Amino acid sequence: MSDLNDVNFVKCDCCCLSEECTRCYITTIREMYGGKWICGLCAEAVKDEVLRCGNPDEAMARHLTFCTNFRASGPPQVRLIRAMTQLLRKSSKSMPSSPRDATVLTRSESCLPSLTLDDASP
């Protein structure tokens, strides 16, 4: 008989991320999400979808579809590059159009300590 506090690896039914959790926690999550185990990140995404559509079952289906499409879009490295590209595009849209509108941050000195000849001696 296994103890509910035993720790096991479980894979998210949405994004396939593996996490180490207790059997008790795994059971609780599966009860909340209709028998599916989802990681904390996907749980937050589903909560966000619930706010948009108002229906928990539809929100879960939307997120599962998103994750399936994302995984099918190529190897992890390609997906990461695409995600970073999208993030940069989104952030560049919010940047000021004129350099005069931007706050310019300059570095007053190096963040690396300067080396002197005294420091180099053994």
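Listing Glu20, Glu49 from fewest to most neighbouring C-beta atoms within 10 Å gives Glu20, Glu49.
How large is log10 of I(q)/I(0) for segment 1-89 at q = 0.15, 0.16, 0.19, 0.26 Å⁻¹ when the intensity is taken from the Debye formula with one equal scatterer per alpha-carbon? Treating every Cα as an identical point scatterer, log10 I(q)/I(0) equals -0.66, -0.73, -0.93, -1.26.
Going by neighbour counts of Cβ atoms within 10 Å, the residues Met32, Met60, Met84 line up, fewest first, as Met84, Met32, Met60. Exposure proxy for Ile38, Ile29: other Cβ atoms within 10 Å of each Cβ, ordered fewest to most, give Ile29, Ile38.
All of the numbers you see were taken from the coordinates with simple rules; none came from a lab. Values in this document were obtained by computation on a predicted structure and should not be read as measured data. A quick note on method: Cβ atoms are made from the backbone with ideal geometry, for glycine too, and the neighbour counts reach across all protein chains shown.
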